[in-house]
Amino acid sequence: PEYNYYQRLLARDQNEAADLVERHIKSHLPMSVYDALLLPALNYAERDRLEGRLSEVEETLVSDSTRELITDAAEWIREVAQELAESNPIAPAPDLPGRRQPLRVLGYAANGAPDVLALQMLDHLVEDLPINLEVHTTRLGTNALVSLLRDQKISALCIADLPPSPPSRTRYVVKRLRAALPDLRILVGRWAPEALADERSDELRADGATHVAASLVDTRDYLAGLLDLPRVAVADQAGIHAA
């Protein structure tokens, strides 16, 4: 299916590509559409450009189409979730005393537009969780990145570095960050279909990465497991006024 979808993008048939995305959402686990269709197209476009089968302009066209389809996919997923909620109403969870700020995660693109788009997909995947994923689109030097993480009190950093490009610079950044911020959770997204799976995840872990994932859903699940991290408490204004 991902090849069919990718070919539709190369043929500039965005309407048919959108139909494939919508059909996948309605016939499979909705959130799987990112790993199944949208993300692989970015990997394949980069591979084909590196191997001389695609120009930079053509790769950019794939990215531009993907950017629009990410928004469409998120909307279709919400519609499916709404329909499911209406047909299977669930009692709301009881309110817990006090409130806490969402887990703050910085999304950092290692290379360019495809990495940014992948982080936007991840952002949609975690929107039902108390996670605030801030996607940083400007490339920073390592010292500037360390300062940003310290100043904003980020709980976890997620570096998107899509294969097939080698993770050479990401390995350098991870080493520097681990030395400067030993307690920081550093996630690396080497997100790709099985055909382009990265076999160097152990090297990234040895450099200091806390978690290296091959799929967006894997990263989402890891972030969900971090929700018990201590975070700054937010006072309940109603409780303050009542007191």
ask   = Residue check: is residue 142 under 23 Å from residue 227 (Cβ atoms) and of a type in the set (S, T, N, Q)?
value = no
query = Somewhere in segment 182-191, is a residue of a type in the set (Phe, Trp, Tyr), open to solvent by 50 Å² or more (accessible area, probe 1.4 Å) and in contact (Cβ under 8 Å) with a residue 24 or more places away in the chain?
reply = no
inquiry  = among the hydrophobic types (A, V, I, L, M, F, W, C), surrounded by 19 or more Cβ atoms within 10 Å (Cβ to Cβ) and either under 24 Å from residue 200 (Cβ atoms) or within 9 Å of the chain's Cα centre (by Cα) (or both): which single residue out of 159, 131 fits that description?
reply    = 159
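Is it the case that residue 63 is at pLDDT 95 or above and surrounded by fewer than 20 Cβ atoms within 10 Å (Cβ to Cβ)?
Numbers: at pLDDT 95 or above: yes; surrounded by fewer than 20 Cβ atoms within 10 Å (Cβ to Cβ): yes.
So residue 63 passes the test.
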note = (1) within 30 Å of residue 75 (Cα to Cα); (2) buried (at least 17 other Cβ atoms within 10 Å of the Cβ) all hold for residue 195 apart from (2)
remark   = Reported set for segment 3-60 where residues are hydrophobic (A, V, I, L, M, F, W, C) and not in a helix (DSSP H, G or I) is 11, 29, 54
request  = Could you please tell me which pairs satisfy a Cβ distance under 7 Å, a separation of 6+ or placement on different chains, a first residue in segment 13-32 that is free of Cβ contacts under 8 Å to residues at least 24 places away in the same chain, and a second residue that is of a type in the set (Phe, Trp, Tyr)?
outcome  = 20/5
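When you go through 20, 50 one by one, which is the residue that is in contact with a Leu (Cβ under 7 Å, 6 or more places away or on another chain), on the phi < 0 side of the Ramachandran plot, open to solvent by 20 Å² or more (accessible area, probe 1.4 Å) and not β-branched (Val, Ile, Thr)? Walk me through it before giving the result.
Numbers: 50 fails: in contact with a Leu (Cβ under 7 Å, 6 or more places away or on another chain).
Matching residue, one of 20, 50: 20.
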query = Any residue in segment 133-150 that is touching a Ser or Thr at 6+ places or on another chain (Cβ under 6 Å) and under 14 Å from residue 108 (Cβ atoms)?
reply = no
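For (1) under 23 Å from residue 140 (Cα atoms); (2) at pLDDT 95 or above; (3) among the hydroxyl-bearing types (Ser, Thr, Tyr); (4) out of contact with any Phe, Trp or Tyr (no Cβ under 8 Å at 6 or more places or on another chain), each residue gets a yes or a no:
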{"position": "198", "(1), (2), (3), (4)": "no, no, no, yes"}
{"position": "209", "(1), (2), (3), (4)": "yes, yes, no, yes"}
{"position": "215", "(1), (2), (3), (4)": "no, yes, yes, no"}
{"position": "243", "(1), (2), (3), (4)": "no, no, no, yes"}
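The values are calculated or read from the model by the stated rules, or taken from the named source; none is laboratory data. Model, not experiment: these values are computed from the prediction. We place every Cβ from the backbone using ideal geometry, glycine too, and count neighbours over all the protein chains shown. Only protein heavy atoms, including side chains, enter the accessible area calculation; ligands, DNA and RNA are left aside. Shrake-Rupley method; radii C 1.70, N 1.55, O 1.52, S 1.80 Å.
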